[in-house]
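*Asks:* Let me give you the structure first, and then I'll get to my questions.
The values are calculated or read from the model by the stated rules, or taken from the named source; none is laboratory data. Note that the structure is a prediction, hence the values are computed from the model and not measured. Reconstructed Cβ throughout: ideal geometry from the backbone, glycine too, with neighbour counts over all protein chains shown. Each accessible area value is taken on the protein alone, full model and side chains, heavy atoms only, with ligands, DNA and RNA left out. Shrake-Rupley method; radii C 1.70, N 1.55, O 1.52, S 1.80 Å.
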Amino acid sequence: MAARRPRERGVTVEDVARVAGVSRQTISNALNAPHRLKPETLERVSAVIEELGYRPDQSARSLRSGTRRIIAYPAPVDDPANPNALMGGFLEAVVAASGEAGYRVLLVRPRPGQSQEQALDELIAARTVDGFLLSDVLRDDPRLAHLTQAGFPFAAFGRTAPDQPQSWVDVDSAQAVIDMVGLVAARGHRRVAFLASSSGLPWMDDRRDGFLAGVRRHGLAGQVYSVPGDDPGEIVKATRELLTGRDRPTAIVAGGDWLALGVYTVARAEGLEIGTDLALTAFDDLPVTAWLQPALTTVRLPLHGIAKALISRLLQIIEDGVTPRAGLVLPGEPVIRPSLGPPHAL
């Protein structure tokens with residue numbers, strides 16, 4: 001379709017609606033809430049917008065709608081020398097989902113000496129953003145309580161309390177680990193251990209609960225072994241105690257990929273071959289897991305699905321004033337690799 005030059009008076013939304021054969025509201029939805037349109041309608045309208053060279057006045061739109069089309073994301077603290085690949089992938093998915101909906105993402109963090117709640121209040125008072133997207137949500141997270149009391153829109157990657165808005169999305173970590181235990185049991189393993197971090201993080205507790213439910217379901221001898229902290233030396237030390245004990249497990253389900261790395265180190269030192277002498281599964285699917293020898297069986301988080309669902313729920317609140325009545329749980333995605341071993345290995 002050949003591009004046309006806009007007329008001197010400027011192309012208006014009425015011009016676009018007339019050429020596309022749709023209503024002015026449909027044009028508005030294409031620009032502001034594309035998720036509301038059928039794909040074929042959005043494609044046709046987008047083509048006409050491009051053909052006519054229509055460029056909406058962003059400042060006028062903000063004044064009319066009362067929105068800035070900006071979502072604030074309080075970025076978790078990270079180490080630039082050792083960045084969290086999982087949350088980096090989540091941020092990329094959030095930016096993509098926001099952009100598709102016509103919103104931008106503002107990364108924020110409290111200034112030195114400023115509390116998280118004060119940082120949120122500063123943005124709310126300045127009317128800088130339309131809502132917040134929260135991740136790394138903990139139990140009794142003060143940010144959730146603060147935004148609930150303020151009545152300001154937010155969506156959370158992680159579960160909120162029953163008396164708070166249910167605008168959350170989470171992964172069914174417990175069921176994912178139950179499924180992993182089932183895979184281990186199907187390969188003949190009877191002595192299974194769960195290697196956990198004793199950090200008290202809610203998602204780690206969910207994974208532990210899934211392990212316990214899985215061993216009960218399959219009648220396995222299971223034990224939970226906690227690592228005090230995330231230091232590599234502590235992980236190796238705890239794993240060595242686990243693998244040199246009297247009744248060492250023949251399969252380990254690690255609560256996170258970083259914990260499984262310690263198992264590779266200790267197994268090699270003890271002359272155990274992962275995938276043959278010891279089955280190993282984990283959680284998160286960090287990039288390194290595909291390069292290990294043997295490659296690690298793990299659970300992948302559906303980051304793009306999580307981000308799209310979070311943005312959709314947040315925009316329901318911002319644009320329609322509708323708060324979801326229930327949270328949304330998405331399944332984890334098992335990634336089967338050689339560390340699990342062949343069926344009926346024992």
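*Asks:* Using the heavy atoms of the protein chains alone and a 1.4 angstrom probe, what is the accessible area of the chain per residue in square angstrom?
*Replies:* 50 Å²
*Asks:* Sticking with this one: Restricting to DSSP H runs of at least four residues, report the calculated mean residue ellipticity at 222 nm for the chain, -39500 (n - 2.57) per run over all residues, nearest 500 deg cm²/dmol. Before the final figure, lay out the partial values.
*Replies:* Details: 12 runs with 148 residues, N = 346.
Mean residue ellipticity at 222 nm (helix-derived): -13500 deg cm²/dmol.
*Asks:* Looking at the stretch 170-238 from every direction and averaging, what is the projected area of its Cα convex hull in nm²?
*Replies:* 4.7 nm²
*Asks:* Could you calculate the contour length gain from L330 to A125, that is, 0.36 nm times the residue separation minus the distance between their Cα atoms, to one decimal place in nm?
*Replies:* Length gained between L330 and A125: 70.4 nm.
*Asks:* Under a point spin-label approximation (7 Å from Cα along Cα-to-Cβ), what is the N82-S115 distance to one decimal in nm?
*Replies:* The two pseudo-label positions are separated by 3.1 nm.
*Asks:* Turning to a different aspect of this structure: How far is it, in nm, from the label point at E50 to the one at T12 when both lie 7 Å from their Cα along the line to the Cβ?
*Replies:* 2.6 nm
*Asks:* Still on this model: How much of the accessible area of the chain, in percent, comes from carbon and sulfur atoms when a 1.4 Å probe is used?
*Replies:* Whole-percent figure for carbon plus sulfur exposure: 53.
*Asks:* Stretched out fully, how many nm does the piece from R268 to E92 gain, at 0.36 nm a residue minus the Cα gap?
*Replies:* 59.8 nm
*Asks:* Restricting the calculation to Cα positions, tell me the Rg (one decimal) and the Dmax (whole number) of the stretch 136-268 in Å.
*Replies:* Rg and Dmax of the stretch 136-268, Cα atoms, are 17.4, 56 Å.
*Asks:* Counting only the backbone N, which residues of the stretch 160-191 are under 18 Å from the spot 7 Å out from the Cα of L106 toward its beta-carbon?
*Replies:* none
*Asks:* Calculate, for S198 and T244, the FRET efficiency according to 1/(1 + (r/R0)^6) with r their C-beta to C-beta distance and R0 30 Å; round to the nearest 0.05.
*Replies:* That gives a FRET efficiency of 0.90.
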